[in-house]
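Here the structure comes first, spelled out in structure tokens, and everything after it is commentary.
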Amino acid sequence: MGKKVLTVDLNRCTGCRSCEVWCSFRKYRQCIPENANIRVVKMDRLGIHTPIFCLQCEEPFCREICPTHALSFDSQGYLTWNKERCVGCHACLLACPFGAIWASPDKEIARCDLCKGDPSCVRHCDAGALSYTAVSEIENRKNVLLAKKLAKQLE
Amino acid sequence: MFGWKGKILKVDLTAAAITIEDLNPQRAEDFLGAAGLGAKMLYELVPPSLSAESPDIPVIFGAGPLVGTLAPSSGRLQVTHLSPITGIFGDSNCGGDFAPELKYAGFDQVIITGRAKTPVYLWIDDNSVTLRDASRLWGKPAWDVDEQIKEELGDYRIKTALIGPAAQNGVLYGIVIINKYRTLAKTGPGTTLARKNFLGIAVRGSGGIPIARPEEFEQKCEQLRASMKASPTYADYTVMGTLGLADQYQATGRLPTKNRLEAQAPNELYARISNEVFRKEYKVRDVACFNCPVRCSHWFEVRKGRYAGQKGEKPELVALEACGTLLANYDFGSICFLQNATTNLGLDIMEFGNTLAWAMEVYEKGIITTAETGGIPLDWGNADSIEELLHQTVEMRGFGKIIGLGVKRAAQLFGSESEKMAMQVKGYGMSLVEVRNAPSWGLAFATASRGGDHLKALPAVVGGSEEMILDLFGTNKVLDHLSPEGKGNAVAWFENYCAVLDSIGLCKLGYKLGWVDPRELAPLLTFATGVDYGFSRLMKCGERIYNVEKAFNVRRGLGRKEDTLPRRFFEEPVKAGPRQGETLGPIFDRMLDDYYLARGWDPASGLQESRGLKDLGLDEVAADLKKEGRLAPGKMAT
């Protein structure tokens, strides 16, 4: 089945930012979306809202550039961040092509760590936009939806 | 402090002075926040002698203690002012995510006073607050200004609350536009700000909201989310928002049509603007306000016809009525265009619709002709004329200068017969619920502190156990929609409940009685703030807040006479449809008497009594009213 990652259906994201506020609460026990590991970009002339989060690259630029190996793969193949090794240089912010790492208070970085396998954002996404799914299954739902639409034409 | 940020931002535009004051914790506890604090501040800052034309009127923005937290549907923003169109208590409340940003920047309230010499806007960047020149932005549509400000300040995440050209040109019902699509519309707060040369507020906040009892709060929020989502009508709201009520109203003969001459549209015409039409031809996807599971807004696109290309957040029930059925306009594309235009250019779609509906009725009856309208024909449903008048109204020219006054003042210009056709209460056009066959709604409209309104009470029970109903109302008669029994008590209860919601920062749509058990608000607020609230203490705060709003109006001369409705609802029974023959005539006075008794006010005069005010801790209010001779007369005046 392979690694599970966060994925989003852009047709379902409502821009409510529940993911941000619940993520921040899980981390800090206070409501501070500024320091969440997920951020929603709103394109308000198009009505499209896009949550941005670490995509768990197979060959991460952030890991490559980190001078202290604070970003590395754990035993199950998930990218993790080691606070003790981190010096707060923020080179990883520059390296990530999606900007999915943000600066955080002290020398922390905000980067999605998948909540140790039970992502809080997914649990609190009422619109069902966010899911936690195997990489190989990301396109499954969309494939099925398209197939259904095509089938309807032939009915 | 937990929940509250503990800071009030004061901006004196005349002196260009910005100060930050502490929020008094006792005051916060007693008045909760947002609407409650705003009402008390307005009462203290605005004496009865201050004219509604004065640029000295304060405008008070507020975000309640639960705004920006895990509590579902907690993005509400409040504004309180002396209304330039009604001359009495004015306020408005909206969604979006501006209010959370204000809390993250560190503020519970922002008070704007005085008048700037040239147009300015306020930039709140955490605790760095400055006034910036807005002369290049003045006169432009709000959506463009929103983008230009974000570009100028260099951050797409900035949230804005802006006025539009309509308010700047003098329309009396100018609105405040929040992040393009949500609005503070009722009672004309945009107009009050325009008179101060104040374009609006841009805010960015990087702070957070600490919670007093995090584990319990989290659990309560999960419980409330589950409760809302488990309700039978929840799914309908995620699909259609309040538009879903339009089909119901049409089917049950409760749809205001042609300035309330009818209560139901012709079926074959309604079919052009039905829920099915919206879902199949216009709806694209769901949109939600801050942390809200209801996602009752939706993105629309107009794909064909003369308004093809229009996109935005959809017209809700009120818009479908105000610019649709009320005007016998069954062109959905036109309604979408008007939704966008009124939002972007900054005027209240409902007051605009109400005024146009009056104009179309007096035109039909020959009281006005094309001579008065500058050649514009006002036959029912003429979408061309509606569009032309929208532009004229925004620019305050031609017949638009009359429409821009709002329905009461416009109607007054054309004589007493014309005034009878103005569907307004206390100077503001009525929201769009047919009241002749809905006693509690009729009563709610008549008693609402800001006039013309259903949201001060929103007296709807959509579910809930019999135990809950009996505990809250003492009787289950409140469930019998057509009976006047128990409605006085119910409306007073709902007004207190809505005052609580508007003050703590939660959305009335999400917290409908039956979707949640209102008694859960007490532990919710307690866990967030650390202040011990039982439900009766919380509802007493609501009662306190509502009595302040009432006293504000009483000092300006209002009494029982103003707690009424347009004659049409007493004297012209519903003409046709499932509820033909219904009228409020025989039952209204009795309901109003019951309401006053439930409130502890004198039924004859509609005035408050000293003992009740002191019981709520409003001793200074009681003293003011006594000095001005505005307490209830007779034995109650001790």
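Per-residue Cβ counts within 10 Å, from other chains only, averaged over A:45-57: what number is that?
Averaged over the peptide's residues, the number is 2.
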Protection proxy ranking of A:10-23, A:64-77, B:247-260, B:166-179 - average other beta-carbon atoms within 10 Å, highest first: B:166-179, A:10-23, B:247-260, A:64-77
Long-range share for chain B, i.e. C-alpha pairs more than 48 Å apart as a percent of all pairs, stands at 6
Of the listed peptides B:428-439, B:216-227, what is their order by residue-averaged count of other C-beta atoms within 10 Å, with the highest listed first? B:428-439, B:216-227
Rounded to the nearest 0.05, FRET efficiency between B:E21 and A:A147 (Cβ-Cβ, R0 56 Å) equals 0.35
The stretch B:136-229, dipole about Cα centre (Lys/Arg Cβ +1, Asp/Glu Cβ -1), debye to the nearest 20: 320
Please compute P(r) over all alpha-carbon pairs of the stretch B:526-638, binned at 5 Å starting from zero, and give each bin as a whole-number percent. 2, 10, 17, 17, 14, 11, 10, 9, 5, 3, 1
Starting from 0 in steps of 20 Å, tell me what percent of the Cα-Cα pairs of the protein assembly as shown lands in each bin. 16, 50, 29, 5, 0
Please give the total accessible area that chains A and B bury against each other, computed with a 1.4 Å probe and expressed in Å² to the nearest 100. 3000
How about A:K83: which lysines have a C-alpha closer than 24 Å to its C-alpha, ignoring those fewer than 8 places off in the same chain? A:K3, A:K4, A:K27, A:K107, A:K116
Of A:K142, A:K27, A:K83, which has the largest mean-square fluctuation in a 10 Å C-alpha GNM of chain A? A:K142
Computed [θ] at 222 nm, deg cm²/dmol, chain B (DSSP H ≥ 4; -39,500 (n - 2.57); rounded to nearest 500): -11000 deg cm²/dmol
Just how far, in whole angstrom, is the stretch B:374-428 from the stretch B:179-194 if you go by their alpha carbon centroids? 20
For a quick check of your reading of the filter: which trypsin sites (Lys or Arg not before Pro) in the stretch B:115-199 sit in a DSSP loop and have no more than 16 other Cβ atoms within 10 Å? B:R115, B:K117, B:R136, B:R157
Along the charge dipole of the stretch B:448-583, Cβ charges K/R +1 and D/E -1, which of B:L538, B:F570, B:L558 sits furthest on the positive end? B:L558
Per residue of B:65-73, what is the mean number of Cβ atoms on other protein chains within 10 angstrom of that residue's Cβ? 3
How well do other chains shield peptide B:201-213, expressed as the mean number of their Cβ atoms within 10 Å of each residue Cβ? 3
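The values are calculated or read from the model by the stated rules, or taken from the named source; none is laboratory data. Since the model is a prediction, treat every value here as computed from it, not as a measurement. All Cβ positions, even for glycine, are placed from backbone atoms using ideal geometry, and neighbour counts span all protein chains on display. Heads up: the accessible areas ignore ligands, DNA and RNA and are worked out on the full protein's heavy atoms, side chains in. Shrake-Rupley method; radii C 1.70, N 1.55, O 1.52, S 1.80 Å.
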